[in-house]
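Everything below concerns the one structure shown next.
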């Protein structure tokens, strides 16, 4: 079948795409950067789309020629710039769905979310529900899949949970007794694979959940044992404090922790699994069994342990450059700075030029690191500057190499730390 999928570069979308190609379907992926998608899936056809702008059915109609099935797997957990819930979860999908009706697409599959119902209160769920309702009003065969937390290789939410579970003290909301019913990505994929079959007809709205509810505290305990780190120890945080932490979640990078996600987690995320089993003819795997089936590797432990250290490493490296630039220009006695420059043969008008030029360079490199702006280039310049400083000091003040505080020898681990940051920050 000819299948068009949006959100193919995301966690759920990429797994669906890979399975569709393996099963022999002709796949068209709608992505922002077709070149990268083509490299990842050479047999797929990649077209440029932008869910933050493509909000008219006329923009989607040409993309639906000869398409049998459309799968919308676009989803975000936090808004950034033009990537808003209303744009990505509602406006673009509605335009796509209306175009599907006009083009006579045989089936439309919407990957919604458990909780996008009459009880929805978060912008995430409300925006998903709006798209669901838009699809239900159309004269087209549709299937709305409403998964709980989806886990498996590449899942951001479960990666975040693993990182929290690896901490000496794992923070939980109140007692950590919030119930969730996570579903493995393989079970979701199996459900999608069944629905796209030609013999499937009608309209379905199905909640995709695991076989039983499990509390967040139990998830952390299972993950910690899975990582081989022993029993989990918890620290209970009041709900209001976790809301504040949600507001600061972006400080540590692109984490799934937001105020809304905290609110949704506190509400719980469960449903009856019986309709799922009746519809698809199999029982989804339990969270415990999924962990047993795939033992943790050393890379899993590294990833969990480095999750929070990754942003802290970048912030600390940025701090050193920014701090050095400010101290050099405004705090450290200027006479002593000129004296050190004189030992390197830099005097006269060149002394202030070198002093303030170097300070400005340090400050610029620090700010660029803090904002993660073109890190490969920034890191190359940083290492070149460190090596240049070290060479100048080696020839002008060789005694610094044996200084007990190691002002020059510390450059060696600093270069290694900078290269490590570059690897960890690579997209």
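Just one of the numbered conditions (1) buried (at least 17 other Cβ atoms within 10 Å of the Cβ); (2) in a helix (DSSP H, G or I) is not true of residue 271: (2). Residue 150 fulfils the conditions (1) under 19 Å from the mean Cα position of the chain (by Cα); (2) under 20 Å from residue 246 (Cα atoms) except for a single criterion, (2).
For segment 49-66, a tally of residues being surrounded by fewer than 19 Cβ atoms within 10 Å (Cβ to Cβ) and on the phi < 0 side of the Ramachandran plot returns 11.
Check whether at least one residue in segment 196-209 is outside the structural domain of residue 112 (by TED's automatic domain parsing), closer than 27 Å to residue 296 by Cα and under 23 Å from the mean Cα position of the chain (by Cα), and report yes or no. Yes, segment 196-209 contains at least one residue that is outside the structural domain of residue 112 (by TED's automatic domain parsing), closer than 27 Å to residue 296 by Cα and under 23 Å from the mean Cα position of the chain (by Cα). Inside segment 6-34, residues that are over 16 Å from residue 112 (Cα atoms), touching a residue at least 60 places away in the same chain (Cβ under 8 Å) and outside any helix (DSSP H, G or I) make up a count of 2. Quick check, is residue 361 in a helix (DSSP H, G or I), in contact with a helix residue (DSSP H, G or I) (Cβ under 7 Å, 6 or more places away or on another chain), in the same structural domain as residue 320 (by TED's automatic domain parsing) and more than 25 Å from residue 338 (Cβ to Cβ)? So residue 361 does not fit the description; no.
The rows are residues; the columns are (1) in a helix (DSSP H, G or I); (2) surrounded by 13 or more Cβ atoms within 10 Å (Cβ to Cβ); (3) free of Cβ contacts under 8 Å to residues at least 60 places away in the same chain; (4) assigned by TED's automatic domain parsing to the domain that holds residue 341.
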| residue | (1), (2), (3), (4) |
| --- | --- |
| 377 | yes, no, yes, yes |
| 381 | yes, yes, yes, yes |
| 389 | yes, yes, yes, yes |
| 394 | yes, no, yes, yes |
| 399 | yes, no, yes, yes |
| 405 | no, no, yes, yes |
| 412 | yes, no, yes, yes |
| 421 | yes, yes, no, yes |
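Can you give me the number of residues within segment 183-216 that are over 28 Å from residue 143 (Cβ atoms) and crowded, with 18+ Cβ neighbours inside 10 Å? Residues meeting the conditions: 1. For the structure I just gave you, tell me whether residue 24 is more than 21 Å from the chain's Cα centre (by Cα) and either on the phi > 0 side of the Ramachandran plot or surrounded by fewer than 22 Cβ atoms within 10 Å (Cβ to Cβ) (or both). For residue 24, the condition - more than 21 Å from the chain's Cα centre (by Cα) and either on the phi > 0 side of the Ramachandran plot or surrounded by fewer than 22 Cβ atoms within 10 Å (Cβ to Cβ) (or both) - is met. The single condition among (1) in contact with a strand residue (DSSP E or B) (Cβ under 7 Å, 6 or more places away or on another chain); (2) outside any loop (DSSP other than H, G, I, E, B); (3) within 27 Å of residue 145 (Cα to Cα) that residue 242 does not satisfy is (3).
From the list 8, 46, the one residue that fits, being under 21 Å from the mean Cα position of the chain (by Cα), crowded, with 20+ Cβ neighbours inside 10 Å and farther than 22 Å from residue 204 by Cα, is 8. If the condition is being without any contact (Cβ under 8 Å) to a residue 60 or more places away in the chain and not in a helix (DSSP H, G or I), then segment 127-143 contributes 137, 138, 139, 140.
Got a number for residues in segment 76-104 being touching a residue at least 60 places away in the same chain (Cβ under 8 Å) and surrounded by fewer than 22 Cβ atoms within 10 Å (Cβ to Cβ)? Total meeting the criteria: 2. On inspection, residue 171 passes the criterion of being in contact with a helix residue (DSSP H, G or I) (Cβ under 9 Å, 6 or more places away or on another chain) and in a strand (DSSP E or B). Selection within segment 343-358: residues that are in contact with a helix residue (DSSP H, G or I) (Cβ under 6 Å, 6 or more places away or on another chain) and not in a helix (DSSP H, G or I). The member of this set that is surrounded by the fewest Cβ atoms within 10 Å (Cβ to Cβ) is 344. Taken together, the residues in segment 122-157 that are in the same structural domain as residue 71 (by TED's automatic domain parsing) and surrounded by fewer than 18 Cβ atoms within 10 Å (Cβ to Cβ) amount to 7. Could you list all residues from segment 297-342 that are surrounded by 14 or more Cβ atoms within 10 Å (Cβ to Cβ), modelled with pLDDT of 95 or more and not in a helix (DSSP H, G or I)? Of everything in segment 297-342, just one residue is surrounded by 14 or more Cβ atoms within 10 Å (Cβ to Cβ), modelled with pLDDT of 95 or more and not in a helix (DSSP H, G or I), namely 332.
The values are calculated or read from the model by the stated rules, or taken from the named source; none is laboratory data. Only a predicted model underlies this, so the values are computations on that prediction, with no experimental measurement involved. Using ideal geometry, Cβ is built from the backbone for each residue, glycine included, and neighbour counts are taken over all protein chains shown.
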